[in-house]
Amino acid sequence: PHLAALVLARGGSKGIPLKNIKLLAGVPLIGWGLRGAIDAGVFHSIWVSTDHDEIEKVAKQFGAQVHRRSPEVSQDSSTSLEAITEFLNHHHEVDIVGNIQATSPCLHPSDLIKVADMIQKEGFDSVFSVVRRHQFRWSEVKKGENKMTEPQNLNPAKRYRRQDWPGELYENGSFYFAKRHLIEKGYLQGGKMAYYEMRAEHSVDIDIDIDWPIAEQRVLSFGYFGKEPLKEVKLLVCSIDGCLTNGRIYVTEDHKEMVSYDYRDIVGIDLLKKRGIQVRLISDRDCSKTLSAMQLGCVAKVSVTNKLQVLKDWQEDMGLSWKEVAYLGNEESDVECLKQAGMSAVPADACAAAQKAAGYICKSRGGCGAVREFAEHIFLLLEKVNSARKQ
């Protein structure tokens, strides 16, 4: 049976404009779910259903196919079931839909693999995700009512300790898998039904109970970053023009060149060095006088015609794996380096090709704090590496 992953991501949002492609820890929100779905390797096709051009562009960058949904199922009042039914009406090859929620960024491939087995091998018609919560519920007393609240799932005289109570299962909204025949009858849950219990730390739902900064911290701690385990970064290579500087060159009457940079980026470089991370600089043009004036104390290579070759030479000379190399670039000449490095980033104003190749898109523009921002991102991921080692 053809198993398709489907992410519903319309352009409208009552809370955050274009929330589905807003950067979360440097990655568009829908990118987290798509990365997990692709690496699970269990789907015959992976789709994003959207009504928005920018969301379509991001979806394709992450390797998904796009179903352009109609205006009829793109309203605030439209349901997920309506959007999924429309998708199935256009894709008769699909037998099973795995609806993955765009707002649940901590989904891991291992969960999707197990759920696919439940549907395809164990014969379930629908499987949905739940999380175990240890929360005592009480009846609601509406304003103006003269009555007492009542306990719903506890005896106040004999309150459970958390470790003595198994808790209750709640839908966490991460995914809903269902067979075609069930959806065509108007159900996402039904037939031979089963739940899949996810770990509490992976149950992040931005729509319901979490704000963006908290979600970023959760994703950095518990998100899925790819098949290969993270390694400690030991070298950051930074393109000079457009990353360390804003890319502008000022020429005086006596033909001298001047550039501007952000002091925060210099602090970021110093912090990286203090953490034992080497910082090296690279440029297509000869900016040796500028570098001399900035007095950064970094190894630099200018007038470079092949940045990837220079990056490979540095990596080999230092005896590093690619996972230990980070790269910050912004132009087409940086694309191959961004693809090769284990950790890559671009400033917010980088060219489209560079943004597509990068793993992290900074909120800051080139020459306006992008180096410092990427340094902070590296430090957060280093904490994740160290945490994994301790475990």
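The values are calculated or read from the model by the stated rules, or taken from the named source; none is laboratory data. Owing to the predicted nature of the structure, the values given are computational and were not obtained by experimental measurement. When we count neighbours, we look across all protein chains shown, and the Cβ atoms used for this are built from the backbone with ideal geometry, even at glycine. Surface areas here come from the heavy atoms of the whole protein model, side chains and all, with no ligands, DNA or RNA. Shrake-Rupley method; radii C 1.70, N 1.55, O 1.52, S 1.80 Å.
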Q295 fails exactly one of the following numbered conditions: (1) over 13 Å from S239 (Cα atoms); (2) at pLDDT below 90; (3) touching a strand residue (DSSP E or B) at 6+ places or on another chain (Cβ under 8 Å). What is the number of that condition?
(3)
Within the set of pairs 6 or more residues apart or between chains, which connect a residue that is free of Cβ contacts under 8 Å to residues at least 12 places away in the same chain inside the stretch 340-361 to a residue that is of a type in the set (K, R) with Cβ atoms less than 8 Å apart?
none
Report yes if some residue within the stretch 55-78 is in contact with a strand residue (DSSP E or B) (Cβ under 7 Å, 6 or more places away or on another chain), in contact (Cβ under 8 Å) with a residue 24 or more places away in the chain, assigned to a strand (DSSP E or B) and closer than 30 Å to F374 by Cα; otherwise report no.
no
Just to check your reading of the model, which residue among L311, L281 is surrounded by 24 or more Cβ atoms within 10 Å (Cβ to Cβ), touching a residue at least 40 places away in the same chain (Cβ under 8 Å), more than 23 Å from V27 (Cα to Cα) and not charged (D, E, K, R)?
L311
In the stretch 137-194, what residues are assigned by the TED database to the domain that holds D95, in a helix (DSSP H, G or I) and aliphatic (A, V, I, L, M)?
L182, I183
Please determine whether any residue of the stretch 187-195 is open to solvent by less than 30 Å² (accessible area, probe 1.4 Å) and in contact (Cβ under 8 Å) with a residue 40 or more places away in the chain.
yes
Reported set for the stretch 237-260 where residues are under 34 Å from the mean Cα position of the chain (by Cα) and either of a type in the set (D, E) or open to solvent by 90 Å² or more (accessible area, probe 1.4 Å) (or both) is D241, R248
Can you tell me how many residues in the stretch 22-54 are surrounded by fewer than 24 Cβ atoms within 10 Å (Cβ to Cβ), out of contact with any Phe, Trp or Tyr (no Cβ under 9 Å at 6 or more places or on another chain), in contact (Cβ under 8 Å) with a residue 12 or more places away in the chain and assigned to a helix (DSSP H, G or I)?
2
If D286 satisfies all but one of (1) open to solvent by 80 Å² or more (accessible area, probe 1.4 Å); (2) closer than 29 Å to D334 by Cβ; (3) in a helix (DSSP H, G or I), what's the number of the condition it fails?
(3)
